[in-house]
1. Could you please let me know if A:P179 is in a helix (DSSP H, G or I), open to solvent by 10 Å² or more (accessible area, probe 1.4 Å), more than 14 Å from every other protein chain (Cβ to nearest Cβ) and not acidic (D, E)?
2. Go through B:A192, B:A145, B:A163 for me and flag whichever is away from every other protein chain (no Cβ under 14 Å), modelled with pLDDT of 95 or more and surrounded by fewer than 18 Cβ atoms within 10 Å (Cβ to Cβ).
3. Only one residue in B:L349, B:L371, B:L393, B:L357 is hydrophobic (A, V, I, L, M, F, W, C) and within 30 Å of A:S235 (Cα to Cα). Which one?
4. Can you find, within region A:42-69, the residue that is farthest from the other protein chains (Cβ to nearest Cβ) among those that are of a type in the set (D, E) and not in a helix (DSSP H, G or I)?
5. How many of the residues making up region A:305-356 are open to solvent by 10 Å² or more (accessible area, probe 1.4 Å), under 24 Å from A:A46 (Cβ atoms) and outside any helix (DSSP H, G or I)?
6. Kindly indicate whether any position in region B:70-91 is of a type in the set (S, T, N, Q), more than 30 Å from A:G297 (Cα to Cα) and assigned to a helix (DSSP H, G or I).
7. So how many residues does region A:106-126 have that are more than 24 Å from A:E260 (Cα to Cα) and away from chain B (no Cβ under 12 Å)?
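The values are calculated or read from the model by the stated rules, or taken from the named source; none is laboratory data. Since the model is a prediction, treat every value here as computed from it, not as a measurement. Reconstructed Cβ throughout: ideal geometry from the backbone, glycine too, with neighbour counts over all protein chains shown. Remember, those area values only see protein heavy atoms, side chains included, never the ligands or the DNA or RNA. Shrake-Rupley method; radii C 1.70, N 1.55, O 1.52, S 1.80 Å.
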Number of protein chains: 2
Amino acid sequence: MSCRSLLATAVALACLALPTIAAAADAPLSAQAIATADKLRDAGIAGNATDGSRAYDIVESLTTEIGERLAGTPPANRAVDWAKAKFRKFGYDKVYVEPVTFPLWTRGVEEASVVSPYPQHLEITALGHSVGTHGAIEADVVEFATLDALKTAAPGSLAGKIAYISNRMQRFKDGRGYPAAVVARVDGPSIAGKLGAKALLIRSIGTDRDRMPHTGVLDYKSDAPKIPAAALSNSDADLLSNMLRRGKPVRVRLSLGAEEHGMATSYNVIGEITGRRKPDEVVTIGGHLDSWDLGTGAIDDGAGVAITMAAGALIAQEHPHPARTVRVIAYMDEESGSFGGRAYANAHLAQLKQHQLGAESDFGAGRIYALRAGVKDAAWPVIEQIGKVLAPLGIVTERNAADADAGPDTGEFAAKGMAWAQLAQDGTDYFDWHHTANDTLDKIDPKALDQQAAAYAVLAYLAAEAEGGMGSGEMPLPKAEK
Amino acid sequence: MSCRSLLATAVALACLALPTIAAAADAPLSAQAIATADKLRDAGIAGNATDGSRAYDIVESLTTEIGERLAGTPPANRAVDWAKAKFRKFGYDKVYVEPVTFPLWTRGVEEASVVSPYPQHLEITALGHSVGTHGAIEADVVEFATLDALKTAAPGSLAGKIAYISNRMQRFKDGRGYPAAVVARVDGPSIAGKLGAKALLIRSIGTDRDRMPHTGVLDYKSDAPKIPAAALSNSDADLLSNMLRRGKPVRVRLSLGAEEHGMATSYNVIGEITGRRKPDEVVTIGGHLDSWDLGTGAIDDGAGVAITMAAGALIAQEHPHPARTVRVIAYMDEESGSFGGRAYANAHLAQLKQHQLGAESDFGAGRIYALRAGVKDAAWPVIEQIGKVLAPLGIVTERNAADADAGPDTGEFAAKGMAWAQLAQDGTDYFDWHHTANDTLDKIDPKALDQQAAAYAVLAYLAAEAEGGMGSGEMPLPKAEK
């Protein structure tokens, strides 16, 4: 996931703020549907698919055969073909792509070192979509404890300097330390640029203590100079702060070969299990196919693609198929700013009301602990019924979770009025590896993925079977992003 | 520590195999000496030195102001001056250096990738003292589950291939997984070279699951061609094995810019607290000042230098000084093969019997859990008395530990007959970070270092106060290394 989930959180809160009017209708899901969902859950958790459709096998295939796949680069294009082939192999009856256009950026070489007074190498990585340095730049470093502290710097006070924001992200199960910390990465470059800085360094937005920097997209504002921006690993941030604490000027040399290459087009890859009664109404689940270019994109978001593709495969193998169509979407270029999710929302806006529910897996490979939803009140009994089927998986149903989140790609359509659900994952360790070279297959527990695939299969199947809609196009739109 | 501790283990076993003849003499340490040792222990564990002589402050200084310090390179030379200045500052009354000559090697660029069938970047690092590739080499990979499996390959069967040893090191508190695994790194290159391989890749000798390769020295045999050798991170080793499991030929490209630069001379740095009654008899403690070039050498072995330097500082500040001289040695170039320890042993062989006891800290920054020793039987009561003073630190005295170890540098003199002690540390996590970029200050708990400095102060002080010798020059020599 990228910082765009901040918007999704705003969506969630707005939806959940609706007054609670109890819907006392008869149970909207048939006993037959519940029985089938139980069966899907148990098949999912068993994890004994031998055709490659087990979630772990899918992410093993993606990370081994493709690996890193920055949107617009050759491996990401190979991943599109990979996803089409997998959907076909697993019995999806309709497989197609939809175009996504986004800015293509490449990292190039990146090097940093302290020149004086304590010459040392520094481990850094460019923030996504940073401009390059066009050769090495060299300047003294000025440390700010937080982004807010940087905001209070006097105009011009950073002229010729490298600004450095040193605060550390906090660890929480639900990842709420991320929005609190990521503003330094998203907004820091333009704030430092306006203050005259030559470049920005930040402490990585991550909870680890590894010498491994975390990348992630920045957001240059149109009224600020674009300055190069990079993240130090947590270990190197400690090192730089310890040097600065000694009181002598600390001079850093920085080279970033990052470059923008204009707009590129790639694809969301979509596989469907066509609904038996209402084929034009859809439940969407999915994850994003692209990844940053440092790791192999296992937890972000190979896992999400694998979980939802496996869930769809479970449903495809179950007959009869559900009443509505189950659409699994492997989104392209979430990382630069939910381009795949936005392309989907724009392309399907006319079918908003035919979108029964959307959900997304983009928070790593930890187990799911809660079901949440942004649906109309009359549809809440459906969510509760789904929650009962999920309960044996250790999942509780939460109606008013403050951190409910439609996800970065699904959030784009949720912001336009699509009903959504969230299967909230344990993200305690997620930000140890997020956006680093350490995003690799060994961070994934196959049994945890089985639990998640089982949960998505249940959610998608029952949402596709429910009597009546969940509220797409009927709910008040959330407030716009601040 | 490097692989040389294998020899030390052999030393330990030989000494411990002596028959146990109880020495029922009067307690060889005076009540006054024990009282002073109690005081040193309590001062150490309090960790409230404000002059920079607390162990954590010393390693913070070394890693921040110097950082990586491969023997013979400019930062290692700066570390020599750093160590002299620290010894002087902390009240050591004699500070000097002794020359150490060793082969100078530099790493240069290092890159690897899978060319086909699944093009991907691989994270590797050259094994220490590997030859370079002189441009890129490209070859198919042949996997061996263990070094023993490689040994059974048919002569010539690896011609034109890259051999790859994939077995994983096991985690133990005492690090005994290391000697079992490190043979692939030490002996693998010449075994693969004799079989005609173009290069050797090994799974990193490490217990982590980070995308961070572990370096460490290799040993080219004189009768084998020298082939380039590098370690894959554990994550990349998984990746390569997963590719190979698919059955298609996997072609890898490898570039190593490693180079030998002939012999270089640097220094062991020595600080002494001169003995008040027997100044020519010495107790040595120490760690190694050099480090590999990937991390900042915090746990290997900034911690050992800091712990023993801090222990000496505690003793220097206590008056009267102990009967014998306490000599703290910051060894140079342990990593290429205990060059500092060997230089010391050779330079001081004539004073073997004046060496009361030697001990070394080179196993990271984990707490000490056991006192062991290689001393004559008649001296064992001294060890037991020392053990009683150490007991409040959570340290037990072990007479027959199978994994007792004099340490890689001290082991060089122990192999010539010096009595030695070991303060065994908890190494559960040590090999997660050992010889990687992740060897940084954030892996160190300041309070754990206090415990260790306290223990070394007690050990050195009481060994220097004990009536009678500990057995240097009087014990049978250990068997030679296999």
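1. Criteria met by A:P179.
2. B:A145
3. On inspection, the qualifying residue turns out to be B:L393.
4. Per the stated criteria, the residue is A:D51.
5. The number of residues fulfilling the criteria is 5.
6. Within region B:70-91 (the criterion being of a type in the set (S, T, N, Q), more than 30 Å from A:G297 (Cα to Cα) and assigned to a helix (DSSP H, G or I)), the answer is yes, since at least one residue qualifies.
7. Summing the residues that are more than 24 Å from A:E260 (Cα to Cα) and away from chain B (no Cβ under 12 Å) in region A:106-126 gives 1.
Residue by residue, here is whether (1) modelled with pLDDT under 50; (2) touching a His at 6+ places or on another chain (Cβ under 8 Å); (3) open to solvent by less than 30 Å² (accessible area, probe 1.4 Å) holds:
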| site | (1), (2), (3) |
| --- | --- |
| B:A12 | yes, no, yes |
| B:A55 | no, no, yes |
| B:I66 | no, no, yes |
| B:P74 | no, no, no |
| B:D81 | no, no, no |
